[in-house]
Amino acid sequence: MVHLHLAPAPDGGPRRVLLARSAPTVATALRGLRQWFAAQPQCAPMPVPDSAQAPVYSTWYAFNQRVDAASVEAEARVAASLGCEVLILDDGWQKYGSGRGYAGCGDWRPDPTTFPDFAAHVSAVRAQGLRYLAWVAPLLLGPDADCAERLTPYAPAPAGVPGAQVLDPRRPEVRDHVISLCTRLVADHGLDGLKIDFLDEAMAYRGDGAYAHHEGTDIDDVGRAMTVLLTDLRTALEELRPDGGLLLELRQPYVGPGMAPFGNMLRSFDCPGDATGNRVRTLDTALLAVGGAVHGDMLLWDRDAPAHAVARQLIGSLHCVPQISVRLTELSGEHRETLAFWLAEWRRLRPVLLHGDVESGRPDELYTLVTAARGRACVTTVHSDRIVPVDTTAYDDITLVNGTASDRVVIEVTGGQRPLRMTVRDERGRIIDDCERSPAPGLHIVSVPRSGWWHYG
């Protein structure tokens, strides 16, 4: 027996409960739910250009707030050579953007000392072949901002992050302000889009909260107000980028099906250096993503780490779009070789990884065996000591990635016995073995270096 206790709907209407039929796997059950959401008009996804499905370079973990035009342009050159197609300039580019906390948020104008000609800087990065996004948190208002005196009456609730208040999107003045500042950023500086952060702070104005009632609002429910705001914002930005190339990044937790119309890059919540966390969070998001490209949190690693530790970070976000955030200009030759190999492999496998049917295994086991299949190709990543099924009848092109700490993988061959080319590479992409094999059905131990790669086909 199941008891459901549901809060009343904001509009007073009935609640709907969708029950999934019995399914062999979690992914299969959620696939039906995802299809149901996709059929709802209010979940119609925003267009996803190719650049939203390409590797990203982000400045956040590499620089934090200590960014400047020359350093970013130097990183952009290396990022482009490694196959990145998008650059995200994170916090620190804006005036009053130095120092932790958000007391300077609100104006969203470039810092004249570090970005004296922001439009020229953006143009220089785009000339490398990269799309350019800038970070913005449009609902945050800090006391140090030049606009604070004018906007403070519209931001009674304190933010969950230090030093700032939250603008109330139920007020028309706030919605006009957010749309104006975001369109100004894109239009004035030639940006391809925005990384829109801290939208979940709007929940300070939820119906059961201390700030549920606020004079001057023209929409009572904060959820409906955010829908109006984001709908109008997308419309205004698409008028500036009518070619369909607009990029908008959203971040967990606001990446559910209801946000599909408002963002096309859906990123994992921050988990720096945590390959397991990245894997779990991106697969959680992907299982219910309606449109949009799922992105991992930005990858970083210790500059003195062994190459297999670098590869492990990339393997943790293999089934989503990778974002990189280390100082590329300071990489050792070994680290650069490792990064180049895995980004090239990811691009080769992208059609299967992003557009194939994914079986992620059990969430309570942290998705330690993940398989994506499309047509006659499949990609499997294994992250624990377990048997990996290999179907040589169903697939002609099989890639197995060893995300464990062991230098061998146990496979169970099913299907017919037939000769196929087997190649094994280490974490840097160097060939360890390359021969023709005809494995018989049953269990086999295959030597694959940890953070290495095995291809059969």
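Scoring Val136 on the criteria (1) touching a His at 6+ places or on another chain (Cβ under 8 Å); (2) under 23 Å from Ala79 (Cα atoms) leaves a single failure, condition (1).
Output yes when any residue across region 29-40 is within 20 Å of the chain's Cα centre (by Cα) and within 30 Å of Ala124 (Cβ to Cβ), and no when none is. Checking region 29-40: not a single residue is within 20 Å of the chain's Cα centre (by Cα) and within 30 Å of Ala124 (Cβ to Cβ).
Contact annotation: residue pairs with Cβ atoms under 7 Å, 6 or more positions apart or on different chains, pairing a residue in region 128-143 that is touching a residue at least 12 places away in the same chain (Cβ under 8 Å) and among the charged types (D, E, K, R) with a partner that is crowded, with 23+ Cβ neighbours inside 10 Å and assigned to a strand (DSSP E or B), are Arg131/Val86; Arg131/Leu247. Answer with yes or no whether Ser451 is in contact (Cβ under 8 Å) with a residue 40 or more places away in the chain, at positive phi, under 30 Å from the mean Cα position of the chain (by Cα) and not assigned by TED's automatic domain parsing to the domain that holds Trp301. Criteria met by Ser451.
Just one of the numbered conditions (1) small (Gly, Ala, Ser); (2) surrounded by 18 or more Cβ atoms within 10 Å (Cβ to Cβ); (3) under 13 Å from Val56 (Cα atoms) is not true of Gly97: (3).
Taken over region 154-181, residues that are part of a helix (DSSP H, G or I) and in contact (Cβ under 8 Å) with a residue 60 or more places away in the chain amount to 2. Candidates in region 67-101 are the residues that are on the phi < 0 side of the Ramachandran plot, in a loop (DSSP other than H, G, I, E, B) and modelled with pLDDT of 95 or more; of these, the one that is farthest from the chain's Cα centre (by Cα) is Asp68.
Listed here are the residues, each with its yes/no results for (1) of a type in the set (S, T, N, Q); (2) over 23 Å from Gly415 (Cα atoms); (3) touching a residue at least 24 places away in the same chain (Cβ under 8 Å); (4) not assigned by TED's automatic domain parsing to the domain that holds Arg425.
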residue: Glu345; (1), (2), (3), (4): no, yes, yes, yes
residue: Asp364; (1), (2), (3), (4): no, yes, no, no
residue: Val370; (1), (2), (3), (4): no, no, yes, no
residue: Arg374; (1), (2), (3), (4): no, no, no, no
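For region 369-410, the strands (runs of 3 or more DSSP E) that sit wholly inside it and include 3 or more residues that are under 29 Å from the mean Cα position of the chain (by Cα) and more than 21 Å from Leu287 (Cα to Cα) are 397-402. Among the residues of region 400-452, which ones are among the β-branched types (Val, Ile, Thr), touching a Cys at 6+ places or on another chain (Cβ under 9 Å) and exposed (fewer than 14 other Cβ atoms within 10 Å of the Cβ)? The answer is none; no residue qualifies. Within region 188-216, restricting attention to residues that are modelled with pLDDT of 95 or more and assigned to a loop (DSSP other than H, G, I, E, B), the residue that is nearest to Ala120 (Cα to Cα) is Gly190. Looking at Arg171, Arg175, just one residue is among the basic types (Lys, Arg), in contact with a Pro (Cβ under 8 Å, 6 or more places away or on another chain) and at negative phi, and that residue is Arg175. Considering Thr276, Thr285, the condition of being under 22 Å from Ile88 (Cα atoms), under 17 Å from the mean Cα position of the chain (by Cα) and in the same structural domain as Met46 (by TED's automatic domain parsing) is satisfied by Thr285 alone.
Is it true that some residue in region 375-385 is in contact with an Asp or Glu (Cβ under 6 Å, 6 or more places away or on another chain) and loosely packed, with under 13 Cβ neighbours inside 10 Å? Before the answer, list the steps.
Quick first cut of region 375-385, residues in contact with an Asp or Glu (Cβ under 6 Å, 6 or more places away or on another chain) only: 376-377.
Of the ones still in play, those that are also loosely packed, with under 13 Cβ neighbours inside 10 Å are 376.
Scanning region 375-385, I find at least one residue that is in contact with an Asp or Glu (Cβ under 6 Å, 6 or more places away or on another chain) and loosely packed, with under 13 Cβ neighbours inside 10 Å, so the answer is yes.
When each of Phe63, Phe37 is tested for being surrounded by 12 or more Cβ atoms within 10 Å (Cβ to Cβ) and farther than 30 Å from Tyr132 by Cβ, the lone residue that passes is Phe37.
Residue count for region 235-251, restricted to those that are more than 19 Å from the chain's Cα centre (by Cα) and not in a loop (DSSP other than H, G, I, E, B): 6.
If you scan region 40-60, which residues turn out to be in a loop (DSSP other than H, G, I, E, B) and either among the hydrophobic types (A, V, I, L, M, F, W, C) or surrounded by fewer than 18 Cβ atoms within 10 Å (Cβ to Cβ) (or both)? Lay out the reasoning, then the answer.
Here is the first cut: in region 40-60, the residues in a loop (DSSP other than H, G, I, E, B) are 40, 44-49, 54-55, 59.
If the condition is that a residue be in a loop (DSSP other than H, G, I, E, B) and either among the hydrophobic types (A, V, I, L, M, F, W, C) or surrounded by fewer than 18 Cβ atoms within 10 Å (Cβ to Cβ) (or both), then Gln40, Ala44, Met46, Pro47, Val48, Ala54 are the ones that fit.
Taking the stated definitions as given, is Arg184 over 23 Å from Leu266 (Cα atoms) and surrounded by fewer than 16 Cβ atoms within 10 Å (Cβ to Cβ)? So Arg184 passes the test.
Yes/no matrix, rows are residues, columns are (1) in the same structural domain as Pro322 (by TED's automatic domain parsing); (2) crowded, with 18+ Cβ neighbours inside 10 Å; (3) of a type outside the set (A, V, I, L, M):
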{"position": "Gly216", "(1), (2), (3)": "yes, no, yes"}
{"position": "Asp220", "(1), (2), (3)": "yes, no, yes"}
{"position": "Arg224", "(1), (2), (3)": "yes, no, yes"}
{"position": "Thr231", "(1), (2), (3)": "yes, no, yes"}
{"position": "Leu237", "(1), (2), (3)": "yes, yes, no"}
{"position": "Leu246", "(1), (2), (3)": "yes, yes, no"}
{"position": "Gly256", "(1), (2), (3)": "yes, no, yes"}
{"position": "Phe262", "(1), (2), (3)": "yes, yes, yes"}
{"position": "Ser268", "(1), (2), (3)": "yes, yes, yes"}
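Yes/no per residue for (1) among the acidic types (Asp, Glu); (2) within 18 Å of Tyr57 (Cβ to Cβ):
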position: Gly106; (1), (2): no, no
position: Asp117; (1), (2): yes, no
position: Ser123; (1), (2): no, yes
position: Leu130; (1), (2): no, yes
position: Ala134; (1), (2): no, yes
position: Pro138; (1), (2): no, no
position: Pro143; (1), (2): no, no
position: Glu149; (1), (2): yes, no
position: Tyr154; (1), (2): no, no
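The values are calculated or read from the model by the stated rules, or taken from the named source; none is laboratory data. Predicted model, so just to flag it, every value in this text is computed and none were measured. We place every Cβ from the backbone using ideal geometry, glycine too, and count neighbours over all the protein chains shown.
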